[in-house]
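Visitor: Have a look at this one.
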Amino acid sequence: MSKVLIIGGGLAGAVTAKELASQNVSVVIAEASGSFGGKVRGYGCKSTDKCANCGVCLTRGLWDSVENNPLIEILPNTRLVDLMGGKGCFTATLNTGGAVSPMDGISDVVVATGFEQMKREHVNAFVELDGAGPDDRSVITGSDIERIFLNRSKTRLFDRAPERIAFIQCYGSRDAKERAMYCSRVCCGYSTRAAKVIKNYYPDCEITFFYMEMQQVRGGNYFDELKELGIRFIKCRPVKIQAGDPASVWFDNPDTGRRERLDFDGIVLSDGIRPSDGAARTAELCGLGQTEDGFLRYVTDSGDAERTGVYIAGCAGGPARIEEVYGESVAVAQRILFQKEAPIEKTENGSGE
C-alpha cells in the first residue's frame with residue numbers, strides 16, 4: 001500500500017498526518033530530532049480570565065492522537081538523504097540514527113521542516129548583548145517564556161515576583177546583516193499576550209516594550225488596552241543589553257534625543273522565525289526553490305505540488321501563526337486526498353497514458 005512521507009514532526013507535520021490518516025491513508029513522519037511535536041508542543045496557553053486566541057488550544061489532543069494512530073509511523077532522529085522517482089512512486093533514502101535505508105512505495109511527500117529561532121547567544125547585528133552566560137536567566141528569549149507559561153502554576157509564574165520587565169521586539173529580524181529583513185509576524189502576538197499574562201499574575205509589575213513597529217494582533221483597540229494596563233511602549237531599538245541583577249537596556253530615547261539606561265529584573269528577547277538550517281539542502285533534494293529570505297517555495301506556483309507530488313506545509317514556507325499553520329496543513333492534506341480520489345484522465349486511445 002502506498003504511503004505519504006512527511007518530513008518534519010512539528011505542528012504542520014502532525015496536523016497533515018492526522019488529516020490523512022483520518023481518511024485511511026498511511027503516513028510516515030521523518031523527524032530530525034529525537035522528540036515529536038516540534039516547538040509548538042512546548043508552548044503554553046496565554047489565557048487569563050478569557051481566551052487570548054494564541055492558538056495553542058488547537059493542539060489539544062493532537063500529539064497523542066498522532067502518536068497513537070496505527071496508520072502513522074513516526075521515525076525520530078531521521079533525515080532525508082535522497083529522494084528519487086516522482087509523484088505516485090517516490091523512493092526516499094532515510095538516515096535514522098546513522099543507519100541509511102531506502103523507503104519505497106511513497107505516493108506524495110510533504111515538507112514540513114518548520115523553522116529556527118534566534119538564539120540568545122548569537123551575535124545580533126543591531127544590539128550588543130553583554131554578560132548573558134549559559135547560567136544567566138536575567139535575559140531570556142521568547143522561546144524561554146513559552147516554556148515558562150507551559151509549566152506555570154495557578155499562583156506563580158516566576159520564582160520571585162518581578163518589579164520591572166522589558167520586551168525587546170524584532171530580535172534577529174528586520175535586519176539586513178542578519179539576512180532577515182522580513183517581519184516574523186508572530187512576535188508581537190506572543191509577546192503582548194505574554195505581557196498580559198504577567199500583568200495578571202503581578203499587577204504591579206512595570207512592563208516596557210522596545211519596538212520598531214507593532215503588528216496588528218487582533219481587531220479593536222488592542223494596544224490601547226495594553227496601555228491602559230500600564231504597559232509602556234518606546235519606539236526605538238536598544239543599542240546595548242547588559243545581563244545581570246539588575247539587567248540593563250541602553251537606548252536612544254526618541255522623546256529626549258539622549259542615550260539613556262533603564263534597569264529591569266528580566267529582559268525578554270522576542271525572537272522571530274528563521275528558515276530551517278537545512279532549507280537549501282531540502283530544496284535541492286525535493287525539487288523546490290527558495291525565497292530571497294531562505295524559506296522554501298514552489299518553483300513556479302503552488303500548482304507545482306499536484307504535478308510533482310511534493311507539498312510545502314507550515315513555516316517551512318515562511319512565517320505563520322499557529323492557526324495559519326493548522327489551516328494550511330489541513331488544506332495540504334485535502335489536496336493530497338483530492339488527487340488520490342480524482343479519476344485518471346483518459347487519452348484518445350482510452351489507455352489513461
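The values are calculated or read from the model by the stated rules, or taken from the named source; none is laboratory data. This structure is a prediction, so every number in the text was calculated from the model and none was measured. Reconstructed Cβ throughout: ideal geometry from the backbone, glycine too, with neighbour counts over all protein chains shown. Accessible surface areas use protein heavy atoms only, side chains included; no ligands, DNA or RNA. Shrake-Rupley method; radii C 1.70, N 1.55, O 1.52, S 1.80 Å.
Visitor: Residue 72 passes all but one of (1) open to solvent by 30 Å² or more (accessible area, probe 1.4 Å); (2) modelled with pLDDT of 95 or more; (3) in contact with a helix residue (DSSP H, G or I) (Cβ under 6 Å, 6 or more places away or on another chain); (4) farther than 23 Å from residue 317 by Cα; which number fails?
Guide: (1)
To keep it simple, each residue is scored yes or no on (1) assigned to a helix (DSSP H, G or I); (2) open to solvent by 60 Å² or more (accessible area, probe 1.4 Å); (3) touching a residue at least 60 places away in the same chain (Cβ under 8 Å).
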site	(1), (2), (3)
224	yes, yes, no
255	no, yes, no
301	no, yes, no
315	yes, no, yes
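Visitor: Let me confirm something: among 234, 207, 241, which residue is within 24 Å of residue 53 (Cβ to Cβ), within 27 Å of the chain's Cα centre (by Cα) and either modelled with pLDDT of 95 or more or not in a loop (DSSP other than H, G, I, E, B) (or both)?
Guide: Residue meeting the stated conditions: 207.
Visitor: Just to be sure, is residue 248 in contact with a helix residue (DSSP H, G or I) (Cβ under 9 Å, 6 or more places away or on another chain) and within 28 Å of residue 131 (Cβ to Cβ)?
Guide: When the stated conditions are applied, residue 248 does not pass them.
Visitor: Okay, next question. In this structure, does residue 41 turn out to be under 20 Å from the mean Cα position of the chain (by Cα), within 17 Å of residue 286 (Cβ to Cβ) and surrounded by fewer than 23 Cβ atoms within 10 Å (Cβ to Cβ)?
Guide: no
Visitor: Additional query: Quick check, is residue 14 part of a helix (DSSP H, G or I), under 30 Å from residue 188 (Cβ atoms) and either open to solvent by 20 Å² or more (accessible area, probe 1.4 Å) or in contact (Cβ under 8 Å) with a residue 40 or more places away in the chain (or both)?
Guide: Yes: the conditions hold for residue 14.
Visitor: Looking at 271, 245, can you tell me which residue is in contact with a Ser or Thr (Cβ under 8 Å, 6 or more places away or on another chain), open to solvent by less than 40 Å² (accessible area, probe 1.4 Å) and charged (D, E, K, R)?
Guide: 271
Visitor: Inspect the stretch 100-112 for any residue being more than 25 Å from the chain's Cα centre (by Cα), in contact (Cβ under 8 Å) with a residue 24 or more places away in the chain, assigned to a loop (DSSP other than H, G, I, E, B) and surrounded by 13 or more Cβ atoms within 10 Å (Cβ to Cβ) and give the result as yes or no.
Guide: no
Visitor: Something else now. If you check every pair at least six apart or on different chains, which have Cβ atoms under 9 Å apart with a residue in the stretch 321-333 that is over 23 Å from residue 26 (Cβ atoms) first and a residue that is open to solvent by 20 Å² or more (accessible area, probe 1.4 Å) and of a type in the set (Ser, Thr, Tyr) second?
Guide: 322/43
Visitor: Output the residues belonging to the stretch 70-91 that are out of contact with any Asp or Glu (no Cβ under 7 Å at 6 or more places or on another chain) and assigned to a strand (DSSP E or B).
Guide: Listed by number, the residues that qualify are 72, 73, 79, 80, 81, 82, 83, 84, 90.
Visitor: Being within 27 Å of the chain's Cα centre (by Cα) and under 20 Å from residue 127 (Cα atoms), is that true of even one residue in the stretch 287-294?
Guide: No, because not a single residue in the stretch 287-294 is within 27 Å of the chain's Cα centre (by Cα) and under 20 Å from residue 127 (Cα atoms).
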